[in-house]
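The structure that follows is given in the form of structure tokens.
The values are calculated or read from the model by the stated rules, or taken from the named source; none is laboratory data. In this text, all values refer to a predicted model and were calculated from it rather than measured experimentally. In this analysis, Cβ positions are derived from the backbone assuming ideal geometry, glycine residues included, and neighbour counts consider all displayed protein chains. Protein only, heavy atoms only, side chains kept; ligands, DNA and RNA dropped before computing areas. Shrake-Rupley method; radii C 1.70, N 1.55, O 1.52, S 1.80 Å.
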Amino acid sequence: MDQFKQISTFAEVATRGSLSAAARAEGIAPAMIGRRLDALEERLGVKLLQRTTRKIVLTNEGAAFLEDCQRILADLEDAESAVSERSARASGQLLISAPAGFGRQHVAPLVPSFLAEHRDVTLTLNLNDRIADVIGEGIDVAIRIATLTDSNLVSVKLAENHRVIVAAPSYLRRHGTPQTPDELVRHNCLAMSSEGSQRGWTLKQSGKVSVYKVGGNMVCNDGEVLHNWALAGRGLAWRSMWEVGAAIEAGELVTVLDKFAAPAPSIYAVFAQRRHLPLRIRAFVDFLRHAYAQPDYWKQAR
């Protein structure tokens, strides 16, 4: 306790610029402040402050020590705040942003359970496939399935994301099962369109990741539509497991070219950097991460 008091007093004096100002802030006599500083310097064997009747100046050693002390005191404050918040109840308004398809299937169904656990929280869920401006739009948590580059945001991985090529058994009976990515050109591929152009499919062959141009007679900019076309036996579709896992488990869709699957961006929760993160945000992120980590979640969720 004496060591902590000495460190906190040193930081207070260095910040306020005088023993008397630090003493007034703490409500004790300046002489007590002086004795703490003397004891600290004696214990360390280093002169930290040059004290005169008019001013206090940090020595080189004192300036370096001050940076360490301020970091330690800030970490302690954060730790105490985190403990206090965990013992409190989450409350307030949450604004959540998520991609439309993922949000419909894997965020919206979980909201009632989250609110049942946190009855003092109200939640607004915005589903949109554009990249929302977290800071500019005042969003508390944004769910993103992407490679993250914004250093102004904090990210927490919620789950891995795997992409697979799927088709209905009826389609494969009629047209056969492709054995290599090169055979995709002979199949009706249900592709996603983006700004008028058809997206290629990213696969890995012989250790090299390549984008394969695919073609077909049905193109759409909505993933759920592509999923439904695949279920109807209209062609092959390149979809995420979070979307098609339950259909695969039920035997409604079959995966092909599994050994050529390439790594896909993970599923993240992102939020603005804050010194003290509100409990409602931390509780929501932890709730999603726990739900997604349950065995067979992605196979059963629909």
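Calculate for the chain the 222 nm mean residue ellipticity that helices alone would give, adding -39,500 (n - 2.57) per DSSP H run of length 4 or more and normalising by residue count, nearest 500 deg cm²/dmol.
Rounded to the nearest 500, it is -12500 deg cm²/dmol.
Related question: Classify the chain from the C-alpha gyration tensor, please: rounded if a/c falls under 1.5, else prolate or oblate depending on whether a/b exceeds b/c.
prolate
What percent antiparallel are the DSSP beta bridges of the chain, to the nearest 5?
Taking every DSSP beta bridge within the chain, about 70 percent pair in antiparallel fashion.
Can you send over the solvent-accessible area of Lys5, 1.4 Å probe, protein chains only, in Å² to the nearest 10?
Rounded to the nearest 10, the figure is 80 Å².
While we're here: Nearest 20 debye, what's the magnitude of the dipole of the chain about its Cα centre given +1 on Lys and Arg Cβ and -1 on Asp and Glu Cβ?
Using Cβ point charges on Lys, Arg, Asp and Glu, the chain gives about 340 debye.
In addition: To the nearest 10 degrees, how steeply does helix 2-16 sit against the main Cα axis of the chain, on a 0 to 90 scale?
90
Something else about it: Over region 164-265, what per residue volume does the convex hull of the Cα atoms give, in whole Å³?
Spread over its residues, the Cα hull of region 164-265 gives 97 Å³ apiece.
Taking amide H positions as placed in the peptide plane 1.01 Å from N, state which residues far from Asn221 in sequence (5 or more) or on other chains have amide H under 5 Å from it.
Amide H neighbours of Asn221, under 5 Å, 5+ apart: Ser193.
Quick one: dipole size for region 117-217, taken about the Cα centre, charges +1 on Lys/Arg Cβ and -1 on Asp/Glu Cβ, in debye to the nearest 20.
Values: 12 positive and 11 negative charges, 156 e Å.
Dipole about the Cα centre, nearest 20: 740 debye.
What is the dipole size for region 169-302, taken about its Cα centre, with +1 at each Lys and Arg Cβ and -1 at each Asp and Glu Cβ, in debye to the nearest 20?
Result for region 169-302 is approximately 360 debye, rounded to the nearest 20.
Sticking with this one: If DNA, RNA and ligands are ignored and the probe is 1.4 Å, what is the ranking of Trp201, Trp238 by accessible area, most exposed first?
Working: Trp201 5, Trp238 40 Å².
Ranking Trp201, Trp238 by accessible area, largest first, yields Trp238, Trp201.
Something else: Report the extension gain between Arg89 and Arg174 in nm, rounded to one decimal, defined as 0.36 nm multiplied by the number of residues separating them, less their alpha carbon distance.
That pair, Arg89 and Arg174, stretches by 24.8 nm at full extension.
Work out the charge dipole of region 10-149 with +1 on the Cβ of Lys and Arg and -1 on the Cβ of Asp and Glu about the Cα centre, then indicate which of Gln70, Gly138, Ser91 is farthest towards its positive end.
Gln70
Obtain the nm distance between the two label points defined at Ser155 and Lys259 by a simple spin-label model: each point lies 7 Å from its Cα along the Cα-to-C-beta direction.
Distance between the two pseudo-spin positions: 3.2 nm.
How would you classify region 165-221 from its alpha-carbon gyration tensor, with a ≥ b ≥ c the square roots of the eigenvalues: rounded for a/c under 1.5, else prolate if a/b is greater than b/c, otherwise oblate?
oblate
Here is a further query. In the chain, how many lysine pairs have Cα atoms under 19 Å apart, counting only pairs 8 or more places apart or on different chains?
Taking the Cα cut-off of 19 Å, the pair count is 6.
Here is a follow-up. Rounded to a whole number, what % of the accessible area of the chain do carbon and sulfur atoms account for, probe 1.4 Å?
Heavy-atom surface of the chain belonging to carbon and sulfur, 1.4 Å probe: 50 percent.
Using a 1.4 Å probe and ignoring any ligands, DNA or RNA, find the accessible area of Met32 and quote it in Å² to the nearest 10.
We get 80 Å² for Met32.
Next question, about the same structure. Please work out the average accessible area per residue across the chain, using the 1.4 Å probe convention, and give it in Å².
On the way: 16690 Å² over 302 residues.
About 55 Å² of surface per residue is accessible.
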